[in-house]
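What follows is one structure encoded as C-alpha coordinates, with my remarks underneath.
The values are calculated or read from the model by the stated rules, or taken from the named source; none is laboratory data. Fair warning: this is a prediction, and the values are worked out from it, not measured in the lab. Cβ atoms come from the backbone with ideal geometry, glycine included; neighbour counts cover every protein chain shown. Heads up: the accessible areas ignore ligands, DNA and RNA and are worked out on the full protein's heavy atoms, side chains in. Shrake-Rupley method; radii C 1.70, N 1.55, O 1.52, S 1.80 Å.
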Amino acid sequence: MPQTDTVTSTPTLEALFNHVTIRNFTKEDISPSVITTLLNAARRSPTSSNMQAYSLVVVRDQEKKAKLAELAGDQRHVAECPVFIAVCADVYRLKKAAEMHGKTLAQNTENTMIATIDAALVGMSLSTAAESIGLGAVMIGSMRNDPELAGKLLGLPKGVYVVYGLCLGWPDEDLRPAQKPRLPEELVIHYEHYSTEDPTPLLKQHDADLAIHYNKLGRNLHQSAWTGVMADKFSTPKRPWLRAVLEKMGFSFE
Ligand SMILES: Cc1cc2nc3c(=O)[nH]c(=O)nc-3n(C[C@H](O)[C@H](O)[C@H](O)COP(=O)(O)O)c2cc1C
(Lines give C-alpha, C1' and ligand atoms only; values in the text may rest on other atoms or scores of the structure.)
Protein backbone atom coordinates (compact mmCIF):
# COMPACT_ATOMS: atom_id res chain seq x y z
CA MET A 1 0.00 0.00 0.00
CA PRO A 2 1.49 3.42 -0.96
CA GLN A 3 2.44 5.79 1.85
CA THR A 4 0.41 8.99 1.97
CA ASP A 5 0.33 12.10 4.16
CA THR A 6 -3.41 11.96 4.51
CA VAL A 7 -5.52 9.11 5.74
CA THR A 8 -8.72 8.19 4.02
CA SER A 9 -11.21 6.21 6.02
CA THR A 10 -10.86 2.46 6.02
CA PRO A 11 -13.26 -0.11 7.50
CA THR A 12 -10.75 -0.69 10.34
CA LEU A 13 -10.47 3.02 11.15
CA GLU A 14 -14.22 3.35 10.94
CA ALA A 15 -14.73 0.46 13.37
CA LEU A 16 -12.21 2.00 15.80
CA PHE A 17 -13.58 5.55 15.59
CA ASN A 18 -17.18 4.36 15.94
CA HIS A 19 -16.56 2.05 18.90
CA VAL A 20 -19.06 2.14 21.68
CA THR A 21 -19.76 -0.67 24.11
CA ILE A 22 -23.09 -2.34 23.32
CA ARG A 23 -25.04 -3.93 26.14
CA ASN A 24 -28.43 -4.33 24.43
CA PHE A 25 -28.80 -6.90 21.70
CA THR A 26 -31.61 -7.99 19.38
CA LYS A 27 -32.78 -11.59 19.63
CA GLU A 28 -31.13 -12.40 16.28
CA ASP A 29 -28.52 -15.15 16.38
CA ILE A 30 -25.01 -14.93 14.90
CA SER A 31 -24.32 -17.69 12.40
CA PRO A 32 -21.52 -20.15 13.24
CA SER A 33 -19.72 -19.27 9.99
CA VAL A 34 -19.64 -15.57 10.93
CA ILE A 35 -18.20 -16.44 14.35
CA THR A 36 -15.61 -18.72 12.73
CA THR A 37 -14.51 -15.94 10.36
CA LEU A 38 -14.17 -13.46 13.23
CA LEU A 39 -12.24 -15.98 15.35
CA ASN A 40 -9.89 -16.78 12.48
CA ALA A 41 -9.27 -13.06 11.87
CA ALA A 42 -8.53 -12.55 15.57
CA ARG A 43 -6.13 -15.50 15.56
CA ARG A 44 -3.87 -13.47 13.25
CA SER A 45 -3.16 -11.08 16.16
CA PRO A 46 0.47 -10.57 17.10
CA THR A 47 1.56 -12.76 19.98
CA SER A 48 4.57 -12.59 22.26
CA SER A 49 7.40 -14.85 20.95
CA ASN A 50 4.77 -16.68 18.89
CA MET A 51 3.59 -18.28 22.13
CA GLN A 52 -0.13 -17.85 21.36
CA ALA A 53 -0.69 -18.19 25.09
CA TYR A 54 -4.46 -17.77 24.95
CA SER A 55 -7.61 -19.78 24.38
CA LEU A 56 -11.08 -18.66 23.38
CA VAL A 57 -14.12 -20.57 24.65
CA VAL A 58 -17.26 -19.93 22.61
CA VAL A 59 -20.45 -20.28 24.66
CA ARG A 60 -23.94 -20.41 23.13
CA ASP A 61 -25.61 -22.63 25.74
CA GLN A 62 -28.29 -20.55 27.45
CA GLU A 63 -27.96 -22.24 30.84
CA LYS A 64 -24.20 -21.72 30.88
CA LYS A 65 -24.54 -18.07 29.84
CA ALA A 66 -27.07 -17.57 32.66
CA LYS A 67 -24.58 -18.99 35.18
CA LEU A 68 -21.80 -16.80 33.79
CA ALA A 69 -24.13 -13.76 33.97
CA GLU A 70 -24.76 -14.50 37.65
CA LEU A 71 -21.03 -14.90 38.31
CA ALA A 72 -20.48 -11.50 36.65
CA GLY A 73 -22.74 -9.82 39.21
CA ASP A 74 -26.00 -10.44 37.37
CA GLN A 75 -24.99 -8.67 34.17
CA ARG A 76 -28.04 -9.48 32.02
CA HIS A 77 -26.24 -8.88 28.70
CA VAL A 78 -24.12 -12.01 29.40
CA ALA A 79 -27.27 -14.12 29.39
CA GLU A 80 -28.97 -12.14 26.61
CA CYS A 81 -26.19 -12.06 24.01
CA PRO A 82 -26.36 -14.90 21.47
CA VAL A 83 -22.63 -15.62 21.72
CA PHE A 84 -20.35 -15.23 24.72
CA ILE A 85 -16.63 -15.78 24.27
CA ALA A 86 -14.38 -16.37 27.27
CA VAL A 87 -11.00 -14.83 26.49
CA CYS A 88 -8.48 -16.89 28.45
CA ALA A 89 -4.80 -16.65 29.30
CA ASP A 90 -3.35 -20.09 28.68
CA VAL A 91 -0.03 -21.57 29.79
CA TYR A 92 -1.41 -25.13 29.77
CA ARG A 93 -0.21 -25.78 26.20
CA LEU A 94 3.22 -24.33 26.97
CA LYS A 95 3.56 -26.76 29.88
CA LYS A 96 2.69 -29.60 27.51
CA ALA A 97 5.23 -28.35 24.94
CA ALA A 98 7.94 -28.30 27.62
CA GLU A 99 6.97 -31.80 28.81
CA MET A 100 7.15 -33.12 25.24
CA HIS A 101 10.86 -32.30 25.40
CA GLY A 102 11.51 -33.52 28.94
CA LYS A 103 11.52 -29.98 30.31
CA THR A 104 9.47 -28.06 32.85
CA LEU A 105 7.87 -24.74 32.07
CA ALA A 106 9.61 -22.12 34.21
CA GLN A 107 6.70 -20.03 35.36
CA ASN A 108 6.96 -16.52 36.71
CA THR A 109 5.25 -13.13 36.54
CA GLU A 110 6.61 -12.65 33.02
CA ASN A 111 4.76 -15.56 31.44
CA THR A 112 1.64 -14.82 33.46
CA MET A 113 1.78 -11.33 31.94
CA ILE A 114 2.55 -12.65 28.46
CA ALA A 115 -0.47 -14.96 28.56
CA THR A 116 -2.68 -12.17 29.89
CA ILE A 117 -1.46 -9.71 27.23
CA ASP A 118 -1.84 -12.29 24.43
CA ALA A 119 -5.40 -12.93 25.58
CA ALA A 120 -6.20 -9.22 25.81
CA LEU A 121 -4.85 -8.63 22.28
CA VAL A 122 -6.69 -11.50 20.62
CA GLY A 123 -9.91 -10.45 22.39
CA MET A 124 -9.47 -6.86 21.24
CA SER A 125 -8.96 -8.01 17.64
CA LEU A 126 -12.06 -10.16 17.94
CA SER A 127 -14.05 -7.23 19.27
CA THR A 128 -12.88 -4.90 16.48
CA ALA A 129 -13.51 -7.58 13.83
CA ALA A 130 -17.02 -8.02 15.23
CA GLU A 131 -17.70 -4.28 15.27
CA SER A 132 -16.39 -3.97 11.70
CA ILE A 133 -19.29 -6.13 10.47
CA GLY A 134 -21.88 -4.29 12.55
CA LEU A 135 -21.98 -6.55 15.60
CA GLY A 136 -22.00 -5.04 19.08
CA ALA A 137 -19.73 -6.15 21.90
CA VAL A 138 -19.18 -5.72 25.60
CA MET A 139 -16.13 -7.00 27.42
CA ILE A 140 -16.79 -8.58 30.81
CA GLY A 141 -13.97 -8.13 33.29
CA SER A 142 -16.33 -9.34 36.00
CA MET A 143 -15.44 -12.88 34.94
CA ARG A 144 -12.65 -12.33 37.46
CA ASN A 145 -15.24 -12.05 40.26
CA ASP A 146 -14.79 -15.80 40.66
CA PRO A 147 -12.05 -17.16 38.37
CA GLU A 148 -12.35 -20.68 39.83
CA LEU A 149 -16.08 -20.90 39.20
CA ALA A 150 -15.61 -19.49 35.67
CA GLY A 151 -12.94 -22.15 35.14
CA LYS A 152 -15.26 -24.87 36.45
CA LEU A 153 -18.19 -23.78 34.26
CA LEU A 154 -15.95 -23.77 31.17
CA GLY A 155 -13.91 -26.87 32.03
CA LEU A 156 -10.62 -24.98 32.05
CA PRO A 157 -7.53 -27.02 32.95
CA LYS A 158 -4.87 -25.77 35.38
CA GLY A 159 -2.91 -23.01 33.69
CA VAL A 160 -5.92 -21.34 32.06
CA TYR A 161 -8.02 -18.46 33.42
CA VAL A 162 -10.64 -16.13 31.96
CA VAL A 163 -9.08 -12.68 31.60
CA TYR A 164 -12.39 -11.27 30.41
CA GLY A 165 -15.47 -12.35 28.53
CA LEU A 166 -16.82 -10.88 25.31
CA CYS A 167 -20.57 -10.69 24.68
CA LEU A 168 -21.37 -10.49 20.97
CA GLY A 169 -24.71 -9.75 19.35
CA TRP A 170 -26.52 -7.54 16.88
CA PRO A 171 -27.05 -4.13 18.50
CA ASP A 172 -30.53 -3.02 19.47
CA GLU A 173 -30.23 0.26 17.56
CA ASP A 174 -32.99 1.91 19.62
CA LEU A 175 -30.76 1.53 22.66
CA ARG A 176 -27.37 2.29 21.08
CA PRO A 177 -25.55 4.52 23.57
CA ALA A 178 -23.81 7.78 22.70
CA GLN A 179 -20.02 7.60 22.65
CA LYS A 180 -18.39 8.51 25.95
CA PRO A 181 -15.89 11.33 25.80
CA ARG A 182 -12.33 10.08 26.21
CA LEU A 183 -9.62 11.66 28.36
CA PRO A 184 -8.04 14.62 26.54
CA GLU A 185 -5.44 13.61 23.97
CA GLU A 186 -2.73 15.64 25.78
CA LEU A 187 -3.15 13.47 28.89
CA VAL A 188 -2.69 10.13 27.23
CA ILE A 189 -0.42 10.83 24.25
CA HIS A 190 3.15 12.00 24.77
CA TYR A 191 5.76 12.81 22.15
CA GLU A 192 9.39 11.82 22.74
CA HIS A 193 9.05 12.05 26.52
CA TYR A 194 6.30 11.75 29.10
CA SER A 195 4.87 15.12 30.05
CA THR A 196 4.70 15.42 33.84
CA GLU A 197 2.91 18.76 33.65
CA ASP A 198 0.21 18.91 36.34
CA PRO A 199 -2.75 17.03 34.80
CA THR A 200 -5.30 18.62 37.18
CA PRO A 201 -6.76 21.26 34.79
CA LEU A 202 -7.27 18.70 32.01
CA LEU A 203 -8.70 16.17 34.46
CA LYS A 204 -11.19 18.81 35.62
CA GLN A 205 -12.04 19.50 32.00
CA HIS A 206 -12.69 15.80 31.50
CA ASP A 207 -14.86 15.68 34.63
CA ALA A 208 -16.96 18.47 33.11
CA ASP A 209 -17.16 16.81 29.66
CA LEU A 210 -18.18 13.48 31.16
CA ALA A 211 -20.72 15.13 33.48
CA ILE A 212 -22.37 16.73 30.41
CA HIS A 213 -22.45 13.30 28.71
CA TYR A 214 -24.09 11.65 31.75
CA ASN A 215 -26.49 14.57 32.31
CA LYS A 216 -27.71 14.21 28.71
CA LEU A 217 -28.52 10.59 29.55
CA GLY A 218 -30.33 11.68 32.70
CA ARG A 219 -27.66 10.08 34.87
CA ASN A 220 -26.32 12.42 37.50
CA LEU A 221 -23.48 10.24 38.67
CA HIS A 222 -20.95 12.45 40.36
CA GLN A 223 -19.96 16.11 40.09
CA SER A 224 -16.41 14.89 39.45
CA ALA A 225 -17.61 12.43 36.88
CA TRP A 226 -14.23 10.82 36.16
CA THR A 227 -11.81 11.73 38.97
CA GLY A 228 -14.44 11.33 41.69
CA VAL A 229 -15.60 7.96 40.40
CA MET A 230 -12.02 6.71 40.02
CA ALA A 231 -11.12 8.00 43.49
CA ASP A 232 -14.12 6.25 45.06
CA LYS A 233 -13.66 3.06 43.10
CA PHE A 234 -9.94 2.55 43.39
CA SER A 235 -9.12 3.81 46.87
CA THR A 236 -9.78 0.30 48.14
CA PRO A 237 -8.01 -2.66 46.51
CA LYS A 238 -10.09 -4.51 43.96
CA ARG A 239 -10.18 -8.32 44.15
CA PRO A 240 -7.31 -8.43 46.67
CA TRP A 241 -7.51 -12.26 46.66
CA LEU A 242 -6.89 -12.49 42.90
CA ARG A 243 -3.19 -13.32 43.07
CA ALA A 244 -3.76 -16.22 45.48
CA VAL A 245 -6.61 -17.61 43.36
CA LEU A 246 -4.63 -17.38 40.11
CA GLU A 247 -1.68 -19.09 41.81
CA LYS A 248 -4.03 -21.91 42.80
CA MET A 249 -5.14 -22.08 39.16
CA GLY A 250 -1.58 -22.60 37.93
CA PHE A 251 -0.17 -19.11 37.36
CA SER A 252 2.95 -17.72 39.00
CA PHE A 253 3.79 -14.19 40.16
CA GLU A 254 7.37 -14.98 41.22
C1 LIG B 1 -11.13 -5.44 30.16
C2 LIG B 1 -12.49 -4.78 30.18
C3 LIG B 1 -13.46 -5.25 31.05
C4 LIG B 1 -14.74 -4.68 31.05
N5 LIG B 1 -15.69 -5.21 31.86
C6 LIG B 1 -16.97 -4.76 31.79
C7 LIG B 1 -18.00 -5.42 32.52
O8 LIG B 1 -17.78 -6.35 33.29
N9 LIG B 1 -19.26 -4.97 32.35
C10 LIG B 1 -19.57 -3.93 31.51
O11 LIG B 1 -20.76 -3.60 31.40
N12 LIG B 1 -18.61 -3.30 30.80
C13 LIG B 1 -17.32 -3.69 30.91
N14 LIG B 1 -16.34 -3.10 30.15
C15 LIG B 1 -16.68 -2.01 29.23
C16 LIG B 1 -16.21 -0.66 29.78
O17 LIG B 1 -17.04 -0.29 30.85
C18 LIG B 1 -16.25 0.36 28.65
O19 LIG B 1 -15.36 -0.03 27.63
C20 LIG B 1 -15.86 1.74 29.16
O21 LIG B 1 -16.79 2.23 30.10
C22 LIG B 1 -15.77 2.74 28.02
O23 LIG B 1 -16.99 2.80 27.32
P24 LIG B 1 -17.05 2.55 25.75
O25 LIG B 1 -16.39 1.23 25.48
O26 LIG B 1 -18.50 2.54 25.38
O27 LIG B 1 -16.32 3.68 25.12
C28 LIG B 1 -15.04 -3.60 30.17
C29 LIG B 1 -14.04 -3.12 29.32
C30 LIG B 1 -12.79 -3.69 29.33
C31 LIG B 1 -11.74 -3.16 28.40
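Considering the stretch 113-190 at the alpha-carbon level, its Rg and Dmax are found to be 15.6, 44 Å.
Which pairs, out of Lys95/Lys248; Lys67/Lys180; Lys95/Lys238; Lys180/Lys216, put more than 18 Å between their alpha-carbon atoms? Pairs exceeding 18 Å: Lys67/Lys180; Lys95/Lys238.
Across the chain, the relative contact order, built from alpha-carbon pairs under 8 Å that are at least six residues apart, equals 24 percent.
Between Ser252 and Val34, the modelled labels are 4.4 nm apart [label points 7 Å from Cα along Cα→Cβ]. Between the alpha-carbon centres of the stretch 21-65 and the stretch 176-252 there is a gap of 27 Å.
Can you give the calculated 222 nm mean residue ellipticity of the chain, where each DSSP H run of n ≥ 4 adds -39,500 (n - 2.57) and the sum is split over every residue, rounded to the nearest 500 deg cm²/dmol? All intermediate terms of the calculation are to be shown ahead of the outcome.
Details: 11 runs with 110 residues, N = 254.
Calculated from helices alone, the mean residue ellipticity at 222 nm is -12500 deg cm²/dmol.
Couplings 3J(HN,Hα) for the stretch 106-122, derived from phi with the Karplus relation 6.51 cos²θ - 1.76 cosθ + 1.60 (θ = phi - 60°), are 7, 9, 7, 4, 4, 6, 5, 5, 4, 5, 5, 5, 4, 5, 4, 5, 5 Hz, where x marks Gly and Pro.
Apolar share of the accessible surface for the stretch 12-177: 54 percent from carbon plus sulfur atoms, 1.4 Å probe. Specify whether the C-alpha gyration tensor of the chain places it in the rounded, prolate or oblate class, a ≥ b ≥ c being the square roots of the eigenvalues: rounded for a/c under 1.5, otherwise prolate if a/b is larger than b/c and oblate if not. Cα axes put the chain in the rounded bin. Expressed as a whole percent, the accessible area of the stretch 185-231 that falls on carbon and sulfur atoms is 55 (1.4 Å probe).
May I ask you to give the solvent-accessible area per residue for the chain, in square angstrom, as obtained with a 1.4 angstrom probe? If you can, show how the numbers build up before the last one.
Values: 15470 Å² over 254 residues.
Accessible area per residue: 61 Å².
Within the chain, the cysteines lacking any other cysteine Cβ closer than 4.7 Å to their own Cβ are Cys88. In percent, rounded to a whole number, the relative contact order of the stretch 113-228 is 19, using alpha-carbon pairs under 8 Å and six or more apart. Highest mean packing first, where packing is the average number of other Cβ atoms within 10 Å per residue, the peptides 80-90, 126-136, 188-198 line up as 80-90, 126-136, 188-198.
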